[in-house]
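Participant: Mind looking over this structure? Questions follow.
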Amino acid sequence: MEQSSKSARESLATGAGPYFGEFGGRFVPEALIAALDELDTEFQKAKVDPEFLEELARLHRTYTGRPSIITEVPRFAAHAGGARIILKREDLNHTGSHKINNVLGQALLTKRIGKTRVIAETGAGQHGVATATAAALFDLECVVYMGEEDTRRQALNVARMRLLGAEVIPVTTGSRTLKDAINEALRDWVTNVETTNYVFGTVAGPHPFPGMVRDLQRIIGVEARQQVLDLVGRLPDVVAACVGGGSNAIGIFHAFLDDPEVRLVGLEAGGDGVETGRHAATITAGSPGVLHGARSFLLQDDDGQTIESHSISAGLDYPGVGPEHSFLASIHRAEYRPITDAQAMDAFRLLCRTEGIIPAIESAHALAGAIDLGRELGPDAVILVNLSGRGDKDVETAAAWFGVLDAEPGVVGQDAVVGQEAGDTL
Amino acid sequence: MSALTIQSKTADRLDELNGAGRAALIGYLPLGFPDVPGSIAAAIAMVEAGVDVVELGVPYSDPVMDGPIIQNAVEHALAGGVRVHDVFAAVEQIAQAGAPVLVMTYWNPVMHYGVDAFARDLAAAGGAGLITPDLIPDEAGEWIVASDAHGLDRVFIVAPSSTPRRLASTSAASRGFVYAASTMGVTGERTTLGARASALVADTRAAGAARVCVGLGVSRPEQAADVASYADGVIVGSALVRPLLEADTLAAGIAGLTTVTAALAAGVRSAERTIRT
């Protein structure tokens, strides 16, 4: 009903790239252009092909476990000014996060194009695990690039990918995190593009990735919008999601873009605090430039060199962000705030203790944002939070942070992580 | 303005060498490795040993088109504190050795400096133009305007995967020469070159390019001779950076670089050229 008065021209939800306002594009080597064009053409065909859509819907239903439920969390919300807080439970998806939504679509596309090998980058390991899973399901060769630093932080996910039959290549250049994993995956792609599809994990990168990954993640918001209407009888006041590259955030934001009364809030990784310079708050503290194929906000120095980001969350530890987020920020349709490591971990523990749900540390940034927003808006507010992933992979990091490992009583912070390395080989 | 009305330092050199019956040797080195003065000295030594056109690389934090050797050198250069603006004084000094100097740069440092300001300062330093590995003509509107305004060459890249339409549009947008990537991949030494390299050169000429030079993977004198038989220039990078990486002192590195350069230059000069059509 609220849609009927709007003309299609005013819709924000139809942006398909290559540009979102002044952001986006294809700043990549010429060698990749043919593959990007092919991917774009095939996806444009696939997304209106009933056979493709039915196959994807069947996988969502019978493999991923969609639709994911929503859960209202009143005991948690009591710490957030009494606002109603509703979680979209992407953590309950097969493989444990929203990443599977995108990967199943891209794996189907890989089959359509006729390629036999997929590569992926991963930070927290969630996208790598999802890609390894889809590769097993679709009988594709799979190589995952992961920063060496992240293979340590997320050793459990490295093991999962290898169990699923994927090759995990630790990346030892630069910051040894997600940024460098993407560089290495791009180098692989330039070399092997004839047989290989790059299953990109987020809404960044060159066109068509930002629009395509967005289209494959839109289902989160499409489901959640109706679920909240059914539960509450109205739209939420705020939709909150964590933003690294930004795929879970775009996924839940998109169905609300043309609902101007719904505030969209992206929570960036504030690390040790934006003022310390050790953070990953790209829109909050960055400036426009080109990284990994798109013009968008990024963290860069006076020479345009990328600055290494910092976050306790490997999945948000990225100095760039998807171009559509930069666009939404530039037109003030969405707002972006930093959440420090400490704030995120407080919210992490609070959700564990009050609701019996262990969130991914990435998603805990959104939960921390919801606490602040609830306190700002008061008890009548309805806040929808994308709980983008579950925290199993983060148990060691969290145990070290809170000093709950019996082997290292009372140890808090980095020292306890040392114990992880012994178990890191597989 | 039409690109034809702008004098191209690189095209002039290639045409002069073509008149003398041979292809050009184009040598890459990164600015700031092992340090800024050392990289300038190395580039000058390379010209004196037989390089006809210099490709000076601006170190960048995320060099996705580069393989391990150049990544390694560039990482050292950045750790050593090289700045983007160091490139202008370096170009000025290297150009005095008598070879046109093209700057190879990923796009973000130029965008951040300001595209027109970068073009202005490069032209003032006597630079010939830019080679842009992650900028395709489709995204290069601002650079095309700035390079016309300041009379600079713009070397875009074609790859074995480029469609005929893209070969034509990229050739039309380029000035100086078109850079043909010999193979699908990143920079680095290869024992064999892509068999498609000579076909790509022919296709690119057929698509309208007046001059086509071949790079990626060329490392040995016999490869240089082979490429020089059908292309307007032979571009070598990693094989020239390696002696600098492996040497304990700058003097030893330059001595090694001089030996490698001289052998490549002899290879280029030994080529039996196929008749250009």
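The values are calculated or read from the model by the stated rules, or taken from the named source; none is laboratory data. These numbers were taken from a predicted model, which means no experiment stands behind them. As a convention, Cβ positions derive from the backbone with ideal geometry for all residues, glycine included, and neighbour counts pool all protein chains shown. Keep in mind that these areas ignore ligands, DNA and RNA; they rest on the heavy atoms of the full protein, side chains included. Shrake-Rupley method; radii C 1.70, N 1.55, O 1.52, S 1.80 Å.
Participant: Kindly provide the Kirkwood hydrodynamic radius of the range A:61-159 in Å, to one decimal, from all pairs of distinct alpha carbon atoms.
Facilitator: Details: mean 1/r = 0.0660 Å⁻¹.
Here the Kirkwood hydrodynamic radius works out to 15.2 Å.
Participant: A follow-up question, please. Which whole number of Å³ per residue matches the convex hull of the alpha-carbon atoms in the range A:332-396?
Facilitator: On the way: hull volume 6.6 nm³, N = 65.
For the range A:332-396, the hull spanned by Cα atoms encloses 101 Å³ per residue.
Participant: Next question. Taking the Cα centre as origin and putting +1 on Lys and Arg beta-carbons and -1 on Asp and Glu beta-carbons, what dipole magnitude results for the range B:23-270, to the nearest 20 debye? Spell out each step's value before the answer.
Facilitator: Working: 13 positive and 24 negative charges, 132 e Å.
Around 640 debye, computed over the range B:23-270.
Participant: OK, next. Might you report the magnitude of the Cβ-based charge dipole of the range A:1-147 about its Cα centre, with Lys and Arg at +1 and Asp and Glu at -1, to the nearest 20 debye?
Facilitator: On the way: 17 positive and 18 negative charges, 106 e Å.
That gives the range A:1-147 a dipole magnitude of about 520 debye.
Participant: I would also like to ask the following. Using the Cα atoms as the points, what is the convex hull volume per residue of the range B:23-270 in Å³? Don't jump to the answer; show the numbers that get you there.
Facilitator: Values: hull volume 25.6 nm³, N = 248.
Taking only Cα atoms, the range B:23-270 has a hull volume of 103 Å³ per residue.
Participant: Next question. Once the range A:269-347 is represented by equal point scatterers at the alpha-carbon sites, with solvent omitted, what log10 I(q)/I(0) does the Debye formula produce at q = 0.19, 0.24 Å⁻¹?
Facilitator: Debye curve over Cα of the range A:269-347, log10 I(q)/I(0) at q = 0.19, 0.24 Å⁻¹: -0.76, -1.12.
Participant: Exceeding 31 Å between C-alpha atoms, which entries from my cross-link table qualify? They are A:Lys179/B:Lys9; A:Lys47/A:Lys179; A:Lys47/A:Lys88. Could the numbers behind the result be given before it?
Facilitator: Working: A:Lys179/B:Lys9 37 Å; A:Lys47/A:Lys179 29 Å; A:Lys47/A:Lys88 24 Å.
Check vs 31 Å cut-off fails for A:Lys179/B:Lys9.
Participant: Could you please state how large a percent of the accessible area of the protein assembly as shown is carbon and sulfur, counting protein chains only and using a 1.4 Å probe?
Facilitator: On the way: 13120 of 24640 Å².
That fraction is 53 percent.
Participant: Need the list of aspartates and glutamates near A:Lys111 for cross-linking: C-alpha distance under 17 angstrom, and skip anything on the same chain fewer than eight residues off.
Facilitator: Within reach: A:Asp37, A:Glu38, A:Asp40, A:Glu42, A:Asp49, A:Glu51, A:Glu54, A:Glu55, A:Asp139, A:Glu141, A:Glu194.
Participant: Divide, for the range A:177-318, the radius of gyration over alpha carbons by 2.2 N^0.38 Å, where N is the residue count. Please list the in-between numbers first.
Facilitator: Values: Rg = 16.8 Å, N = 142, 2.2 N^0.38 = 14.5 Å.
Rounded to two decimals, the normalised Rg is 1.16.
Participant: Shifting gears a bit: Counting Lys and Arg as +1 and Asp and Glu as -1, what is the net charge of the other residues whose Cβ lies under 15 Å from the Cβ of B:Thr10? It would help to have the intermediate numbers written out before the result.
Facilitator: On the way: positive: B:Lys9, B:Arg13, B:Arg154, B:Arg175, B:Arg211; negative: B:Asp12, B:Asp15, B:Glu16, B:Asp52, B:Glu55, B:Asp153, B:Asp232.
So the environment of B:Thr10 carries a net charge of -2.
Participant: Heavy atoms only, 1.4 Å probe, whole protein assembly: order A:Glu38, A:Glu223 by accessible area, highest first. Can you show the working numbers first?
Facilitator: On the way: A:Glu38 70, A:Glu223 30 Å².
Largest accessible area first, the list is A:Glu38, A:Glu223.
Participant: So, counting K/R as plus one and D/E as minus one, what does the shell of residues with Cβ under 10 Å around B:Arg220 add up to?
Facilitator: Values: positive: B:Arg190; negative: B:Glu189, B:Glu222, B:Asp226.
Local charge sum for B:Arg220: -2.
Participant: Please name whichever of B:Thr187, B:Ser162, B:Leu152 sits farthest to the positive end of the charge dipole of the range B:148-197, dipole taken about the Cα centre and charges placed at Cβ: Lys and Arg +1, Asp and Glu -1.
Facilitator: Result: B:Ser162, furthest along the dipole toward the positive end.
Participant: Helix-only estimate, please: 222 nm mean residue ellipticity of chain A, summing -39500 (n - 2.57) across DSSP H runs of length 4 or more and dividing by its residues, to the nearest 500.
Facilitator: On the way: 17 runs with 172 residues, N = 426.
One gets -12000 deg cm²/dmol as the mean residue ellipticity at 222 nm.
Participant: Determine the total buried accessible area between chain A and chain B, counting protein heavy atoms only with a 1.4 Å probe; round to the nearest 100 Å². Mind dumping the intermediate values first?
Facilitator: Details: alone 16230 and 11250 Å², together 24640 Å².
For chain A against chain B, roughly 2800 Å² becomes buried.
Participant: Here's something else I'd like to know. Between the chain alone and the structure with every protein chain in place, find the residues of the range A:24-47 that drop at least 50 Å² of accessible area; heavy atoms, 1.4 Å probe.
Facilitator: For the range A:24-47, once contacts with the other chains are taken into account, A:Arg26, A:Phe27, A:Pro29, A:Glu30 lose 50 Å² or more.
Participant: Report the one residue of B:Leu250, B:Gly81, A:Leu108 whose Cα lies farthest in the direction of the positive end of the charge dipole of the protein assembly as shown (charges on C-beta: Lys and Arg +1, Asp and Glu -1; origin at the Cα centre).
Facilitator: A:Leu108
Participant: Accessible area per residue of chain A at 1.4 Å probe, in Å²?
Facilitator: Details: 14820 Å² over 426 residues.
Accessible area per residue: 35 Å².
Participant: Cα convex hull of the protein assembly as shown: how many Å³ per residue?
Facilitator: Each residue corresponds to 155 Å³ of Cα convex hull volume.
Participant: Compute the separation of the alpha-carbon centres of the range B:1-61 and the range A:25-67 and state it in Å as a whole number.
Facilitator: Spelled out, the Cα-based centre of one part sits 43 Å from the other.
Participant: Same structure again: So how strong a dipole does the range A:59-218 carry about its Cα centre when Lys and Arg Cβ are +1 and Asp and Glu Cβ are -1, to the nearest 20 debye?
Facilitator: Working: 20 positive and 15 negative charges, 121 e Å.
Roughly 580 debye for the range A:59-218.
Participant: Could you sort A:Glu335, A:Glu268, A:Glu261 by their accessible area in this structure, using a 1.4 Å probe and putting the largest first? If you can, show how the numbers build up before the last one.
Facilitator: On the way: A:Glu335 65, A:Glu268 0, A:Glu261 115 Å².
Highest to lowest solvent-accessible surface, that is A:Glu261, A:Glu335, A:Glu268.
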